[in-house]
Amino acid sequence: MNIIPVLDLMNDQVVHAKHGNRHDYLPIKSVLTHASEPLAIVQAILALYPFKQLYIADINAIQKTGNHKNTILEITNSFPNLEVWLDAGFDKESSITSYQSRNIKPVLGSESLNSIGQYQALSTASKHRAILSLDYKDDRFQGAQDILSRARLWPNDVIVMPLNKVGSNAGPDLAKLASIKMRTKHSNIYAAGGVRNSADLEALKASNISGVLIASALHNGALTHQQIKQLLD
């Protein structure tokens, strides 16, 4: 099972995403570093463990209130061996092509899409095969229903993103993950939100989940280098 750390950017800060209530997001507090700058946070995460990938959510871009493009490109230039999964609220082909870096893979969030056709058009416009994020809020799917129902058109990697679970310390949504996994035989399913500790990671691994996106359990010290190493090796 793969483990991908998460970086949430809002108003030029790394923030602690919680329950998907973006107006309440506060600057991150981390046991990994006293610094708060995005580059310093990434460096601290990689000092904990040399992860191969990083998920970045540009909250301002998702909400159409600005973007962190310069910061994101600075991260990719500073860590050229790190593959970045980027959700920047992509909804136009021009927004995809502006991030055609060799190590950025676009994450297409269902909350930003109005049809499976729009997903396909954006995926085609991307230099790299896009990743699909199935977004939920208060257990309601966010996006056009044909995105959810036409699983045969899903890409290789699919994230299940129950926003109410993010930063909740309530455990992953195993039932929803199992439901989504039943819809597809060709997509790798990635869990997001709620992971508290290594026991949650073991439960996801036992459920044949391909990977997991994690922030809180890294920054509060619940996951150690050794625990991560044991799961990944």
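Of the residues Ile62, Ile72, only one is surrounded by 14 or more Cβ atoms within 10 Å (Cβ to Cβ), under 17 Å from the mean Cα position of the chain (by Cα) and farther than 25 Å from Gly117 by Cα; which? Steps first, please.
Values: Ile62 fails: farther than 25 Å from Gly117 by Cα.
One residue alone meets the criteria, Ile72.
What are the residue pairs meeting all of these: first residue in the stretch 79-102, first residue on the phi > 0 side of the Ramachandran plot, second residue surrounded by 14 or more Cβ atoms within 10 Å (Cβ to Cβ) and not in a loop (DSSP other than H, G, I, E, B), Cβ atoms under 6 Å, and 6 or more apart or on different chains?
Gly89/Ala61; Gly89/Ile62; Gly89/Ser112
Kindly indicate whether Tyr136 is part of a loop (DSSP other than H, G, I, E, B) and either in contact (Cβ under 8 Å) with a residue 60 or more places away in the chain or buried (at least 20 other Cβ atoms within 10 Å of the Cβ) (or both). Can you show your working first?
Numbers: part of a loop (DSSP other than H, G, I, E, B): no; either in contact (Cβ under 8 Å) with a residue 60 or more places away in the chain or buried (at least 20 other Cβ atoms within 10 Å of the Cβ) (or both): yes.
Answer is no for this residue.
State yes or no: is Ile104 over 30 Å from Ala175 (Cβ atoms) and β-branched (Val, Ile, Thr)? Reasoning before the result, please.
Working: over 30 Å from Ala175 (Cβ atoms): yes; β-branched (Val, Ile, Thr): yes.
Against the criterion (over 30 Å from Ala175 (Cβ atoms) and β-branched (Val, Ile, Thr)), Ile104 qualifies.
Please enumerate the residues belonging to the stretch 185-200 that are in a loop (DSSP other than H, G, I, E, B) and under 16 Å from Pro155 (Cβ atoms).
Step one: filter the stretch 185-200 for residues in a loop (DSSP other than H, G, I, E, B), giving 185-187, 193-197.
Answer for the stretch 185-200, where residues must be in a loop (DSSP other than H, G, I, E, B) and under 16 Å from Pro155 (Cβ atoms): Lys185, His186, Ser187.
Residue-by-condition table, conditions (1) of a type in the set (Gly, Ala, Ser); (2) in contact with a Ser or Thr (Cβ under 7 Å, 6 or more places away or on another chain); (3) part of a loop (DSSP other than H, G, I, E, B):
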position: Asp146; (1), (2), (3): no, yes, no
position: Met161; (1), (2), (3): no, yes, no
position: Pro172; (1), (2), (3): no, no, yes
position: Leu177; (1), (2), (3): no, yes, no
position: Arg183; (1), (2), (3): no, no, yes
position: Glu202; (1), (2), (3): no, no, no
position: Leu213; (1), (2), (3): no, no, no
position: Gln230; (1), (2), (3): no, no, no
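Rule-based calculations on the coordinates, nothing more; no lab input. In this text the structure is predicted, and so the values were computed from the model without any measurement. With ideal geometry, Cβ positions are generated from the backbone for all residues, glycine too; neighbour counts draw on all protein chains shown.
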